[in-house]
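The values are calculated or read from the model by the stated rules, or taken from the named source; none is laboratory data. Note that this is a predicted model, so its numbers are computed, not measured. Backbone-built Cβ (ideal geometry, glycine too); neighbour counts: all protein chains shown. Only protein heavy atoms, including side chains, enter the accessible area calculation; ligands, DNA and RNA are left aside. Shrake-Rupley method; radii C 1.70, N 1.55, O 1.52, S 1.80 Å.
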Amino acid sequence: PNAFLADPPLDDVIAKTFEAGARGFIGEVAYSVGVFRTKNIDDILFQTTGRSTGLFANVDETRRTGFESDARGRFGNLNWRLSYSYVDATFEDDFQVLSPNHEFADDEGEITVRSGDRIPGIPQNQFKLITDYNFENGLNIGLDVLNNDGQFLRGDESNQLDEVDGYSVVNLRARYQ
């Protein structure tokens with residue numbers, strides 16, 4: 001946003017997290033896996049008040065539960081890394097939020113968020129592949145692939161509108177030294 005209004009008094013965010021995981025090697029392949037669950041009390045949420053203004057306010061409780069994995073290795077001159085994460089990020093209380101530009105906003109410019117609605121801007125599934133091939137003559141060619149699931153846009157905390165479609169980004173790069 002280009003301008004902010006005065007925020008209401010904000011409480012400190014308290015995060016309670018449980019995390020468990022493992023990392024190690026299977027042969028020449030390094031791996032890590034982990035599961036997590038974080039409950040935020042008095043999480044801070046940006047609320048829009050118009051086209052380019054907004055404020056921050058506390059939300060009673062949010063939760064992020066998920067799984068992360070990563071593997072990397074080398075095959076000859078090829079270095080590779082593969083990772084996947086799943087994040088279920090949800091609001092855990094019912095509340096009203098400012099969103100005056102929302103299609104379903106009431107006369108006060110608010111929408112109703114229900115417990116279990118997904119937090120906007122956080123894709124549930126994310127996949128990454130990164131590769132680099134080193135040629136003997138100093139040339140390096142790399143390929144990166146990133147894939148994100150669909151997600152709700154900020155301003156649609158009530159999840160009433162369609163998700164934005166997922167997307168993939170492919171980068172090809174070269175370096176010579």
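Test T38 against the stated conditions and say whether it is closer than 30 Å to L129 by Cβ and hydroxyl-bearing (S, T, Y). Break it down stepwise before answering.
Details: closer than 30 Å to L129 by Cβ: yes; hydroxyl-bearing (S, T, Y): yes.
Criteria met by T38.
Just to be sure I understand, how many residues within the range 141-165 are open to solvent by less than 20 Å² (accessible area, probe 1.4 Å) and assigned to a strand (DSSP E or B)?
Taking the range 141-165 as the starting set, the residues that turn out to be open to solvent by less than 20 Å² (accessible area, probe 1.4 Å) are 142, 148, 150, 155-158.
When the remaining residues are screened for being assigned to a strand (DSSP E or B), the result is 142, 148.
Total satisfying the criteria: 2.
Out of all the residues in the range 106-118, which are under 25 Å from the mean Cα position of the chain (by Cα) and open to solvent by 30 Å² or more (accessible area, probe 1.4 Å)? Explain how you work it out, then say what you get.
Taking the range 106-118 first, the residues under 25 Å from the mean Cα position of the chain (by Cα) are 110-118.
Result: E110, T112, R114, S115, G116, R118.
Tell me which residues, restricted to the range 18-58, are at pLDDT 95 or above, under 27 Å from L153 (Cα atoms) and over 17 Å from the mean Cα position of the chain (by Cα).
Result: I41, D42.
Give the residue that is farthest from Q126 (Cα to Cα), with candidates limited to residues of the range 45-92 that are among the β-branched types (V, I, T) and surrounded by 16 or more Cβ atoms within 10 Å (Cβ to Cβ). Explain how you work it out, then say what you get.
Residues of the range 45-92 among the β-branched types (V, I, T): 48-49, 53, 59, 62, 65, 87, 90.
Remaining after also requiring surrounded by 16 or more Cβ atoms within 10 Å (Cβ to Cβ): 48-49, 59, 62, 87, 90.
Details: T48: 27, T49: 31, V59: 26, T62: 20, V87: 9, T90: 17 Å.
Within the range 45-92, the match that is farthest from Q126 (Cα to Cα) is T49.
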